[in-house]
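Trainee: I have a structure here, written as structure tokens, and I will follow up with some questions on it.
The values are calculated or read from the model by the stated rules, or taken from the named source; none is laboratory data. Only a predicted model underlies this, so the values are computations on that prediction, with no experimental measurement involved. Here the Cβ positions follow ideal geometry from the backbone for every residue, glycine too, while neighbour counts run over all protein chains shown. All accessible areas refer to the heavy atoms of the entire protein, side chains included, with ligands and DNA or RNA removed. Shrake-Rupley method; radii C 1.70, N 1.55, O 1.52, S 1.80 Å.
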Amino acid sequence: MKTFYYSIYGPFFEEYLALKRSLGFKCNHVEYAFRRFDRFIANEEETSIGLTEELCNRWCVKQPNESNKSWYNRIQIVRNFSSFLQTLDYTSFLPKLPKIKSTYTPYIYSKKEIALLFKEADK
């Protein structure tokens with residue numbers, strides 16, 4: 001299904017997606033993010049190419065009920081797109097990625113537990 005973009009960035013979104021796909025990337029999540037970003041830009045009534053710091057700061061505000069991972073990914077996609085615009089010689093702001101603290105706590109096995117693990121594996 002063809003995606004239609006309504007902001008001035010529509011042709012750039014399509015070019016970026018075509019480039020990524022030509023390199024072997026699957027871009028469904030990027031396409032979804034671009035649809036959201038396109039609506040946002042259309043509402044902001046942007047008239048010139050090149051993401052401004054103010055526009056990026058408004059886009060990068062964490063949404064209610066948005067997980068930290070989704071928030072990070074949303075900003076990362078726009079950051080990569082902004083970098084793409086820079087390669088096309090447009091002045092474009094690179095938003096900073098938020099620092100996300102991991103809640104993962106690694107488990108350290110004792111020597112006894114490792115020995116038991118190998119003993120069971122050898123059976």
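Trainee: Where the accessible area of the chain is counted over protein heavy atoms with a 1.4 Å probe, how much of it, in %, is carbon and sulfur?
Mentor: On the chain, the fraction of accessible area on carbon and sulfur atoms equals 55 percent.
Trainee: Leaving out ligands and nucleic acids, and using a 1.4 Å probe, what accessible area per residue does the chain come to in Å²?
Mentor: 75
Trainee: Return the Cα extents of the chain along principal axes one, two and three, sorted largest first, each rounded to a whole Å.
Mentor: Sorted from largest, the Cα extents of the chain read 68, 31, 28 Å.
Trainee: Do any chymotrypsin sites (Phe, Trp or Tyr not before Pro) in region 16-123 lie in a loop, going by DSSP, with at most 15 other beta-carbon atoms within 10 Å of their beta carbon, and if so which?
Mentor: F25, Y90, Y104, Y107, Y109
Trainee: I49 versus Y109, label points 7 Å from Cα toward the beta carbon: distance in nm?
Mentor: It is 5.5 nm.
Trainee: Please report how far the C-alpha centroid of region 21-72 lies from that of region 73-95, rounded to the nearest whole angstrom.
Mentor: 10
Trainee: So for the pair C60, N80, with labels modelled 7 Å out along Cα→Cβ, what separation do we get in nm?
Mentor: Modelled inter-label distance: 1.8 nm.
Trainee: At a threshold of 8 angstrom on Cα-Cα distance, excluding pairs fewer than six apart, so keeping six or more, what relative contact order does the chain reach in percent? Display every interim value, and only then the final one.
Mentor: Numbers: 78 pairs, mean separation 28.0, N = 123.
Once normalised by length, the contact order is 23 percent.
Trainee: Mind listing which trypsin sites (Lys or Arg not before Pro) in region 9-44 are in a DSSP loop and have 15 or fewer other Cβ atoms within 10 Å?
Mentor: Of the trypsin sites (Lys or Arg not before Pro), the ones in loops of region 9-44 whose Cβ has at most 15 other Cβ atoms within 10 Å are K26.
Trainee: Once you place label points 7 Å from the Cα toward the Cβ at K123 and F40, how far apart are they in nm?
Mentor: According to this spin-label approximation, the distance is 5.4 nm.
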